[in-house]
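The values are calculated or read from the model by the stated rules, or taken from the named source; none is laboratory data. From a predicted model like this one, the values you see are computed outputs, not experimental measurements. Cβ placement follows ideal geometry from the backbone for every residue including glycine, while neighbour counts extend to all protein chains displayed. The protein model used for the area step is the full one, side chains on, heavy atoms only, and it has no ligands, DNA or RNA in it. Shrake-Rupley method; radii C 1.70, N 1.55, O 1.52, S 1.80 Å.
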Amino acid sequence: MASSPLQLVDLERYPLDDPESPVYLEAVHRGRAQMAERGAAEISGFCHPRAVAELVADAEALAARAFHSRGEGTAYLEFPDFSLPEDHPRLRFMPYAVRAVPYDVIPRTSPLRQLYECEEVTRFIEAILDRGPIYPYADPFGALNLAVMGDGDELQWHFDQTDFVVSLAIQAASEGGDFDVVPRIRTAEDEAYDRVGALLEGDESEVVTLAMTPGTLLVFEGRNSIHRVSPIAGSALRHVGLLAYDTKPGTVGSALLRENRYGRTEPFATPPLDWPPK
Ligand SMILES: O=C(O)CCC(=O)C(=O)O
Ligand SMILES: [Fe+2]
């Protein structure tokens, strides 16, 4: 294993150890320009191929710790108002099936965890977002997730309830598992129900597919950009690290969210060495 998590990063392209260097500043500038243009910055080749191999081995070992949740949800991820007209986008339920390994069961030796806890990585993401200080999310489950998706899994069209999500692509599925987005379809002032409704009825004319090439770090504004993970088929698991940050320190998620997504509400004090835990 790498002795410093920075050894997982391609430091020639992204010199996180030298934040004053022209190469670093140029990478930040490119990321900011992409955020401004379409609400997503693709930091390709953030982890070099040897690091990706390490992350894959780690993810394959961690996959057994995932909690599988499935059901039907709306794009708005909340309990709907059933007094709305029945064809309203807020009442449109879609199936999902996802598996998530929460932060509290990811060992401290995991390279994914080490990257998440690396100060230089946080500072780089903060510089790209350019909206003041960010903090690792304080939720013991949601701070870092390994999303593991396999045959039959999918994540329905939705808006995130947080401002931004940072994902690290680790392994692609055999088939499907694309990250589809309609960038900035809504704003805080305009829900754009006509366009959202058309999309949910199958009009994909505005959809952009972002390549989830292993090693790519994606900084994404999900609150106003509707997105989904397309249905997966085949034997290869899709592995993505989801790194959560907040603009306020100390924020945590609700017990209901924990129960639905992780099947537990009480975190482990330290990540279990064995699985199932002894
Ligand atoms: O797995 C992904 O690529 C994205 C997941 C996502 O959109 C979410 O967890 O809100
Ligand atoms: Fe999302």
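So, with +1 on the Cβ of K and R and -1 on the Cβ of D and E, and no other charges, what is the size of the charge dipole of the chain about its Cα centre, to the nearest 20 debye?
On the way: 25 positive and 44 negative charges, 137 e Å.
It comes to approximately 660 debye.
Rank Thr74, Thr109 by accessible area, highest first, at a 1.4 Å probe radius?
Numbers: Thr74 5, Thr109 85 Å².
Sorted descending by solvent-accessible area, the residues read Thr109, Thr74.
Give me the net charge of Gln171's neighbourhood, meaning all other residues with Cβ under 9 Å from the Cβ of Gln171; Lys, Arg count +1, Asp, Glu -1.
Details: positive: Arg238; negative: Glu60.
Value of the local net charge: 0.
What is the chain by shape, rounded, prolate or oblate, if you read a ≥ b ≥ c off the alpha carbon gyration tensor as root eigenvalues and call it rounded for a/c under 1.5, prolate for a/b larger than b/c, and oblate otherwise? It would help to have the intermediate numbers written out before the result.
Numbers: a/c = 1.60, a/b = 1.22, b/c = 1.31.
Judged from the Cα gyration tensor, the chain comes out oblate (a/c at least 1.5, b/c at or above a/b).
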Compare the Cα positions of Ala36, Pro140, Pro19 along the charge dipole of the stretch 5-261 (+1 at Cβ of Lys, Arg; -1 at Cβ of Asp, Glu; about the Cα centre) and return the one farthest towards the positive end. Pro140
Find out how many positive minus negative residues lie around Tyr137, taking Lys and Arg as positive, Asp and Glu as negative, among other residues whose Cβ is under 11 Å from that of Tyr137. -1
Pick from Asp153, Asp17, Asp81 the residue whose mean-square fluctuation is largest in a GNM of the chain, springs joining Cα atoms under 10 Å. Asp81
Tell me, what is the per residue accessible area of the stretch 5-261 in Å², probe radius 1.4 Å? 45 Å²
Descending accessible area (1.4 Å probe), largest on the left, turns Leu84, Leu112 into Leu84, Leu112
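So what is the relative contact order of the chain, in percent, for Cα pairs below 8 Å that sit 6 or more residues apart? Provide the component values of the computation, followed by the final result.
Working: 563 pairs, mean separation 73.5, N = 278.
That works out to 26 percent.
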Using only protein heavy atoms and a 1.4 Å probe, report how much of Glu201 is accessible, in Å² to the nearest 10. 130 Å²
So for the stretch 76-115, using the alpha carbon gyration tensor with a ≥ b ≥ c as root eigenvalues (a/c under 1.5 gives rounded; past that, a/b versus b/c decides prolate or oblate), I'd call it prolate
222 nm [θ] for the chain, helices only, -39500 (n - 2.57) per DSSP H run of 4+, per residue, to 500? -7000 deg cm²/dmol
Gaussian network model of the chain, Cα within-10 Å springs - most flexible of Gly150, Gly241, Gly197: Gly197
Give me the net charge of Gln7's neighbourhood, meaning all other residues with Cβ under 13 Å from the Cβ of Gln7; Lys, Arg count +1, Asp, Glu -1. -4
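Roll a 1.4 angstrom probe over the protein heavy atoms and tell me the percent of accessible area of the stretch 125-278 that is carbon or sulfur.
Values: 3660 of 6920 Å².
Roughly 53 percent of what the probe reaches on the stretch 125-278 is carbon or sulfur.
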